[in-house]
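Let me begin by presenting the structure, written as structure tokens, before commenting on it.
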Amino acid sequence: MTILPYSRQFLDDDDIAAVVAVLRSDWLTQGPAVEQFEQAMAAYVGARFAVAVSSATAALHIACLAAGLGAGKRLWTSPNSFVASANCGAYCGAEVDFVDIDAADGNLSVAALDAKLASAAAPHVLVPVAFTGQSCDMAALADRAARYGMTIIEDASHAIGGSYGGAKVGACAHAAMTVFSFHPVKIITTGEGGLITTNDADLYAKLLRLRSHGITKDPALMPAADGPWSYAQVELGFNYRITDLQCALGLSQMAKLDNFVARRQYLARRYDEALAGLPLSPLIRHDDRFSALHLYVVRVQANARLDRAGLYAALAARDIRSQIHYIPIHTQPYWRQRGFAFGDFPAAEAHYRDSLSLPLYPGLSDAEQDRVVAALTEVLG
Ligand SMILES: *Cc1c(COP(=O)(O)O)cnc(C)c1O
């Protein structure tokens with residue numbers, strides 16, 4: 001039997017032709033496809049600016065720097081995320097801390113944030129994570145950001161194609177910057193790749209410089225030019241550039257983005273119905289938010305015949321690869337060395353103990369999904 005992964009990319013002949021066309025062109029990197037992809041993304045999400053980079057991790061790093069994060073400053077994020085959501089703060093030399101999640105949807109809890117703000121100095125940067133592709137309560141977070149002077153960088157690595165409050169995720173109505181990932185397990189892919197959207201012209205200019213070594217050709221920022229060849233490094237940046245090969249793939253994938261999300265929505269509703277009689281609880285999907293549904297996460301109920309680890313193994317024995325999202329970041333050895341301990345964020349730890357992400361991707365056929373449902377029914381029913 002074919003192995004069913006928890007996620008995988010969907011590529012067609014148009015994607016392959018788009019990449020081959022770049023291979024036959026003059027520009028493999030720093031050519032026209034990068035700007036085309038950025039403009040298409042900005043238009044799609046409804047933001048003024050987009051900056052494409054080599055990964056979402058790179059995007060988070062330079063977004064933090066553009067927001068002024070550095071030594072002596074603080075970043076808070078969700079413990080229920082990939083480590084990159086916290087590492088970006090550490091890269092900048094900032095103090096990193098976490099805000100526990102809401103058990104219902106796995107997103108950063110506004111109540112936990114309020115409790116923490118009442119007893120600790122507010123962070124300079126807050127990184128809410130749109131877990132599974134569903135936005136956090138961004139209006140409430142933006143309200144707290146305004147009151148406490150926090151800059152919101154939304155980690156929407158799961159969420160391209162989703163919407164919140166009538167606008168696409170990435171429109172930045174409630175965040176200074178939004179970050180997307182195009183790793184192959186995410187909604188659309190560029191192989192590796194990430195992107196930042198913003199409506200702020202100053203942040204945009206800063207992100208462009210930080211992506212490429214801190215170099216500018218803007219005469220207003222440079223010392224007097226020696227000649228037409230001149231450029232100036234005005235700050236310390238990186239090589240976080242993305243290639244034209246990747247951006248051509250991204251543009252081609254964008255043509256399928258809404259269909260990908262629609263297929264994910266369809267499969268999720270099918271899981272909802274088929275699993276209703278089993279001791280599994282799906283996460284809450286709020287009526288007022290449209291999730292891109294990167295993940296379909298269930299919690300294994302305490303009365304189930306198998307616990308989460310047992311269920312993971314039973315599925316693996318049937319060639320179904322589920323996944324766990326996430327091992328709480330603060331329990332990772334690196335973060336424990338920095339002072340965190342088991343017990344610090346109990347809701348994220350309880351979520352980790354019970355949760356499992358079932359296969360969900362646009363290329364998953366109805367029959368393959370039925371195989372997953374049959375296996376779950378066999379071992380839990
Ligand atoms: C995948 C992911 C990242 C990192 O994305 P890369 O493009 O692989 O660097 C960051 N945050 C979250 C929530 C992710 O899921």
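For segment 146-168, taking the residues that are open to solvent by less than 10 Å² (accessible area, probe 1.4 Å) and more than 10 Å from the chain's Cα centre (by Cα), the one that is farthest from L364 (Cα to Cα) is identified as I152. Given the options G93, G31, name the one that is of a type outside the set (F, W, Y) and at positive phi. Checking each option against the conditions leaves just G93. Among the numbered conditions (1) surrounded by 14 or more Cβ atoms within 10 Å (Cβ to Cβ); (2) under 26 Å from S157 (Cα atoms), tell me where D287 comes up short. All conditions are met except number (1). Within segment 242-301, being over 19 Å from K186 (Cα atoms) and acidic (D, E) holds for D244, D272, E273, D287, D288.
If the condition is being in contact with a Phe, Trp or Tyr (Cβ under 7 Å, 6 or more places away or on another chain) and crowded, with 24+ Cβ neighbours inside 10 Å, then segment 171-196 contributes I187, I188, T190, G193, G194, L195. Against the numbered list (1) under 19 Å from the mean Cα position of the chain (by Cα); (2) on the phi < 0 side of the Ramachandran plot, G46 comes up short only at (2). Take P123 and decide whether it is surrounded by 21 or more Cβ atoms within 10 Å (Cβ to Cβ) and within 18 Å of G70 (Cα to Cα). Yes: the conditions hold for P123. For segment 243-250, check the following and say yes or no: at least one residue is away from the ligand (no atom under 16 Å from the Cβ) and either touching a Phe, Trp or Tyr at 6+ places or on another chain (Cβ under 9 Å) or assigned to a loop (DSSP other than H, G, I, E, B) (or both). Looking for residues that are away from the ligand (no atom under 16 Å from the Cβ) and either touching a Phe, Trp or Tyr at 6+ places or on another chain (Cβ under 9 Å) or assigned to a loop (DSSP other than H, G, I, E, B) (or both), one finds at least one in segment 243-250, hence yes.
Within segment 176-214, the residues that satisfy the criterion of being of a type in the set (A, V, I, L, M), touching a helix residue (DSSP H, G or I) at 6+ places or on another chain (Cβ under 7 Å) and part of a loop (DSSP other than H, G, I, E, B) are A176, I187, I188. So, of the residues in segment 1-18 that are part of a helix (DSSP H, G or I) and open to solvent by 40 Å² or more (accessible area, probe 1.4 Å), which turns out to be farthest from A292 (Cα to Cα)? Filtering segment 1-18 for residues that are part of a helix (DSSP H, G or I) and open to solvent by 40 Å² or more (accessible area, probe 1.4 Å), the one farthest from A292 (Cα to Cα) comes out as A17. Only one of (1) touching a Pro at 6+ places or on another chain (Cβ under 8 Å); (2) open to solvent by less than 50 Å² (accessible area, probe 1.4 Å); (3) charged (D, E, K, R) is not met by D319, so which one is it? The failed condition is (1). If you check L364, L306 for being open to solvent by less than 30 Å² (accessible area, probe 1.4 Å) and either touching a helix residue (DSSP H, G or I) at 6+ places or on another chain (Cβ under 7 Å) or at pLDDT 95 or above (or both), only one passes: L364.
Out of the residues in segment 42-55 that are touching a helix residue (DSSP H, G or I) at 6+ places or on another chain (Cβ under 9 Å) and either free of Cβ contacts under 8 Å to residues at least 60 places away in the same chain or open to solvent by 10 Å² or more (accessible area, probe 1.4 Å) (or both), which is nearest to the ligand (Cβ to nearest atom)? The selected residue is S55.
Go through segment 101-113 and report how many residues are of a type in the set (S, T, N, Q) and either at positive phi or within 15 Å of the ligand (Cβ to nearest atom) (or both).
Residues meeting the conditions: 1.
Of the residues making up segment 57-66, those that are surrounded by 24 or more Cβ atoms within 10 Å (Cβ to Cβ) and either more than 14 Å from the ligand (Cβ to nearest atom) or among the hydrophobic types (A, V, I, L, M, F, W, C) (or both) are A58, A59, L60, I62, A63, C64, A66. Here segment 70-100 is the region considered, the condition is being within 18 Å of A120 (Cα to Cα) and open to solvent by 10 Å² or more (accessible area, probe 1.4 Å), and the residue that is farthest from the ligand (Cβ to nearest atom) is G72.
Every residue, every condition in (1) farther than 20 Å from I101 by Cβ; (2) more than 12 Å from the ligand (Cβ to nearest atom), yes or no:
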{"site": "A139", "(1), (2)": "no, yes"}
{"site": "A145", "(1), (2)": "no, yes"}
{"site": "S157", "(1), (2)": "no, no"}
{"site": "I160", "(1), (2)": "yes, no"}
{"site": "A173", "(1), (2)": "yes, yes"}
{"site": "A176", "(1), (2)": "yes, yes"}
{"site": "L195", "(1), (2)": "yes, no"}
{"site": "Y204", "(1), (2)": "yes, yes"}
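The values are calculated or read from the model by the stated rules, or taken from the named source; none is laboratory data. All of these numbers come straight from a predicted model, not from anything done at the bench. When we count neighbours, we look across all protein chains shown, and the Cβ atoms used for this are built from the backbone with ideal geometry, even at glycine. SASA here: full protein model, heavy atoms, side chains in, ligands and nucleic acids out. Shrake-Rupley method; radii C 1.70, N 1.55, O 1.52, S 1.80 Å.
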